[in-house]
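K.L.:
Dumping the structure here so I can ask a few things about it.
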Amino acid sequence: MARVLITGSGQGLGFLAGQLLAQQGHRVVLHARNERRAAQTCAALPTAEDVLVGDLSSIAGMRSVAEQANASGRFDAVVHNAGVGFAERRITTEDGLSHVFAINVLAPYVLTALITPPDRLVYLSSGMHERGSADLSDPQWRRRWFWRGRKAYADSKLFDVLLAFGVARAWPRVRSNALEPGWVPTRMGGRGATDDLRQGYLTQAWLAVSDDPATDVTGEYFFHQRLREPAPAARDTEAQEALLDYCAQLSRTPLPAIV
């Protein structure tokens, strides 16, 4: 049985993936933003091994979660599920970053860089990544005339795929893949969502632990347990390296080399 960490798993897809894995007998560690949510998560899934606590909107919070993760022992898989949607207004974090970028992009990068490398990494993207841009000239939205939440979100989801693929190249012995869950009826997706909720969280769990030969790949993109070709920009190795370098400089946390 595998030991799996799922970020942003107090509710929604992350919680459902954790619940499924726990039912299958895997050791599941969840993550919540604060102590109140952690207590609620523990009550909702008492079979979880633990719930890590930390606000991933700040670099200090990212580092704290990574420290807790490492102190608890090595994971076989880490699922980077935490994220915020496109409906929120423009928010600047305590580090002066865009809230969307901090949680959706920088947090999975910092956790990847600091947590002892697992055998598998899973990054949650979105079909909206196809509308995103890999342009890093103003990812914090400091010089633009007005905030466009959908654009910021789409960019962040493309960055997530770039991150997954860049890590796959840097760490060839780790299976690093991205997925889109589809438009599913979670709090973020809304009640009108039309895609299969179960497939949304099933694919996360499947990529994290399955012995299916289809999961024995790295640097790939999935939708409902099937390979799907991402936006062409996601395959741009220069864009991958640029994002890794940018996140390393922003967080003062280089991605370590592993053998």
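K.L.:
Out of Pro172, Pro139, which single residue is at pLDDT 95 or above, within 18 Å of Ala208 (Cα to Cα) and more than 13 Å from the chain's Cα centre (by Cα)?
P.N.:
Pro172
K.L.:
Looking at (1) surrounded by fewer than 19 Cβ atoms within 10 Å (Cβ to Cβ); (2) in contact with a helix residue (DSSP H, G or I) (Cβ under 9 Å, 6 or more places away or on another chain), which is the one condition that is false for Asp155?
P.N.:
Against the list (1) surrounded by fewer than 19 Cβ atoms within 10 Å (Cβ to Cβ); (2) in contact with a helix residue (DSSP H, G or I) (Cβ under 9 Å, 6 or more places away or on another chain), Asp155 comes up short only on (1).
K.L.:
Kindly indicate whether Val184 is under 28 Å from Thr218 (Cα atoms), aliphatic (A, V, I, L, M), modelled with pLDDT under 95 and out of contact with any His (no Cβ under 8 Å at 6 or more places or on another chain).
P.N.:
The answer is yes for Val184.
K.L.:
Moving on. Which numbered condition in (1) under 23 Å from Ala154 (Cα atoms); (2) out of contact with any Pro (no Cβ under 9 Å at 6 or more places or on another chain); (3) not aromatic (Phe, Trp, Tyr) is the only one that Thr218 fails?
P.N.:
Among (1) under 23 Å from Ala154 (Cα atoms); (2) out of contact with any Pro (no Cβ under 9 Å at 6 or more places or on another chain); (3) not aromatic (Phe, Trp, Tyr), Thr218 violates only (2).
K.L.:
For the stretch 126-150, what are the residues that are surrounded by fewer than 24 Cβ atoms within 10 Å (Cβ to Cβ) and in contact (Cβ under 8 Å) with a residue 40 or more places away in the chain?
P.N.:
Those that are surrounded by fewer than 24 Cβ atoms within 10 Å (Cβ to Cβ) and in contact (Cβ under 8 Å) with a residue 40 or more places away in the chain: Gly127, Met128, Glu130, Ser133, Ala134, Leu136, Pro139, Gln140, Trp141, Trp147, Gly149, Arg150.
K.L.:
Being in contact (Cβ under 8 Å) with a residue 40 or more places away in the chain and more than 19 Å from Pro117 (Cα to Cα), is that true of even one residue in the stretch 24-45?
P.N.:
yes
K.L.:
Can you spot a residue in the stretch 102-122 that is surrounded by fewer than 21 Cβ atoms within 10 Å (Cβ to Cβ), more than 20 Å from Pro172 (Cβ to Cβ) and of a type in the set (Ser, Thr, Tyr)?
P.N.:
The answer is no; no qualifying residue exists.
K.L.:
Here is a list of conditions, (1) within 14 Å of the chain's Cα centre (by Cα); (2) without any contact (Cβ under 8 Å) to a residue 60 or more places away in the chain, and Leu106 meets all of them except one; can you say which number that is?
P.N.:
In the conditions (1) within 14 Å of the chain's Cα centre (by Cα); (2) without any contact (Cβ under 8 Å) to a residue 60 or more places away in the chain, Leu106 misses (2) alone.
The values are calculated or read from the model by the stated rules, or taken from the named source; none is laboratory data. Here the structure is a predicted model, which is why all the values come from computation and not from measurement. With ideal geometry, Cβ positions are generated from the backbone for all residues, glycine too; neighbour counts draw on all protein chains shown.
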